[in-house]
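Q: There's a structure below that I have some questions on.
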């Protein structure tokens, strides 16, 4: 048995304080308008549409891993319940496995509701009169020829049920528009279902309804018929009078009306009834076809059936109930009016989001205007269950529109197929509201005259409000606005968001900005899927920067400070992928002050454009970059061309070839020296920097000879490179030849211990899997890395600026030894042995033996019959031997020792540790350890230590916890203390009061590096789908009522 190599990435949590959130990957949460607008839409759908289900499709026995392929000359598509129905015409073809069906016309019913389940297909093929449907059955492994046909079935029709776990493969043109009239073949296809099974299919397809109390269950009706039952809502008999000639029935004294056999508009009666509708009221008038008695009757679905009700109305359908005072309902046309309605209901799923709570909706009247337009008057929405709501949103007039259409790929013109095999549908759900008021305990606190929003991404003028105070920025009031709403733009470009920011900072000034985001299939006239963002923010700064210890009072070099950030990626019709980026900032400390998390953790943005094209294992890449920030060192490529050819088989898989070649005109410019005195004292030119420019040409090739020696995989290899730089550090041209040869080997091993069981350590059997790997390499070059500028340096700007400060001697400790040159670390780790190395400059003479091992001790956990395999203990370790230690490793034969360990004692309790060591004098040594406990509904705790010795000495104890004390209170805290020279690092603490509708949080934070203390207060609605407190603590706080009454 072969062992699997498993890699666990070390995870570290860092707390950073940034004034402006990074917008490179923005996340927008639906606001409180989502609940109101969705609830209005839901009430309409409750009354006049039906939810569909399909759980009863029986499929033919076949290999479900085989994909299903479909082809036709033309097609029409429509939706019925959860089924995508396809009418195919002309050269219709369907294939799964060894079965091939062909015919002139076909109908497919496709159900792909289950995200992790199979796609179910019901197929009906039909031939014209005198023709036949041909179904071939072929031999396994044979080519598609007549000799491969085992047998052939020919008949006028072919009906089959199939299922597949693979995505459907479509080769059909874009679907044509549909009409209400269904094709004749569709009805004949329905006839292939036996009546009993057809009815079971449709009953399973829709939500269950309240059973008919008159006969104890649903009665099978003839197609196209509707049954009406009228009886008392209690033991007392109602007063019912009927005029059978005119079809008028009047009742009072409390009645119940059950209507059976309703169908969705366009759904043929041949597929069975929709279900039952249950109405209860004090008084009612029923207009129907002549012949209906006081006890009800059966009539055609096309016959008139209208009901007017008064007093204590309960409208039941599935698990939803509508309460109203008065109501008119036209059953045949499925339209109506409700007066004084109140609804308590879950919301429908919006894309991938399902709101967990219940929404309470009240309205004076709700009307359905046509199939896709609705209107509500004096609507009130809240999630509060109190008689007098803690809060509510009221609108005088609201309209709702829902238009659906299939999604078509603009590149191919074909319908877009989701991963589960279903056809994707685009919903344009728009809502407009007039005279909107937010009330808090009955008091109006906010008014906006009008808004129009897309329910898939709803908003209401203001996206976010933040208020805070600290020693760096002073009092902060920051508001993000929806620009489309603010400017009253109803028809915003699809797939775009536009926001405007207005920020007041008492110690710094007034900031403003805008960001525009897009995710569409066409932009700027270029067709192809594209995503991107353009973000600008600026401030007239009258304060000083506080960047931490040693830089707490920095006078900005410019008063007007800004950041223009942009990213764009698009895959064009011709197969090229284009990426463009902008990273223009006003001065050297702006990002560090206002976008601290982006500065510390994210990749430094560059200004340039790149185009790449893939062809199997080959890639062409063309790019150009410009230096727009003169205060940071950067390489300009004017331009650069790369070609990659990776893993190419040679000599019938005996050899494997890898190649990377590049050509560019590169211009390296050192960032300008700061003029601010403190920053100037901490600035120095780095050893690899020089103002140079010239051509850069390089090609690197590798040949592998993979072999299997028993259980050991052995790969001898040889790698070589030829390169030229127009200017080296001394300003002269440099030609370099480099060669590396060696051998790589790996040995997987495993053992199982079925009898190892221990409830204390959660062991239910044990499997030990381990992979040992090693590489010996010898490298020789006629020019070394210290002769070249770092045209392709792999560190970000923030790291380079930190190295510059450490080498300047202005801040302790001063680190200038070549032992800690990052170029030395990179070449000792073997980066020059990669064909795809990100830096061609880092090459030197080296001989090394790298060894590693990766252990996994695995066990089974979970309930009987549903167990899963988990890593009970994981341990990885690596080390490198240097045969020539004086040249390669500062006199030590062993170096680059590291390990990573995680012991999962339980599903919610783990012990973690990692470490690294270089054993030469003052070499870096780190070790850390900690425990992690997690209770998703209750809280989580982390406590750990990290010790660093070498050029820097630090011994830090850190801890954090989040804990829900009770149903009403939640606390969080974190602290870090350095027992060496660092001392107290910082602390945070918050206390949250969990109310029925609101979350009130009070907190403080201390940052000793900046000598800053901050206090914040936040009021957050509890009904928001993405609560900030859930994101930061991991503790889920569902809306009130989600788990029942509180």
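Q: Quickly rank 785-798, 610-623 as a protection proxy: mean count of other C-beta atoms within 10 Å, highest first. Display every interim value, and only then the final one.
A: Values: 785-798: 19.6, 610-623: 14.4.
Ranked by mean Cβ neighbours within 10 Å, highest first: 785-798, 610-623.
Q: Hey, another quick one. Counting each pair of different Cα atoms once, what's the Kirkwood radius of the stretch 459-615 in Å, rounded to one decimal?
A: Result for the stretch 459-615 stands at 17.7 Å.
Q: If you find the alpha carbon centre of the stretch 653-678 and of the stretch 689-750, how far apart are they in angstrom?
A: Using only Cα atoms to place each centre, the spacing works out to 16 Å.
Q: Give the span of the stretch 690-807's Cα atoms along each principal axis, as three whole-Å numbers ordered largest to smallest.
A: Between the extreme Cα coordinates on each principal axis of the stretch 690-807 lie 70, 41, 18 Å.
Q: Would you mind putting 846-859, 801-814 in packing order, based on average other-beta-carbon counts within 10 Å, highest first?
A: Working: 846-859: 18.8, 801-814: 16.0.
Final packing ranking: 846-859, 801-814.
Q: Defining a contact as two alpha carbons under 8 Å apart and six or more residues distant in sequence, what relative contact order in percent does the stretch 459-615 show?
A: Value for the stretch 459-615: 14 percent.
Q: May I ask you to order 117-127, 232-242 by the average number of other C-beta atoms within 10 Å around their residues, highest value first?
A: Top to bottom by mean Cβ count within 10 Å: 117-127, 232-242.
Q: Which percent of Cα pairs goes in each bin when the distances of the stretch 927-1033 are cut into 5 angstrom slices starting at zero?
A: 2, 11, 18, 20, 17, 13, 10, 6, 3, 1, 0
Here, each number is a calculation from the coordinates, and none is a lab measurement. The model shown is predicted, which means the values in this text are computed figures rather than measured ones. Counting neighbours? That spans all protein chains shown, and the Cβs are built from the backbone with ideal geometry, glycine included.
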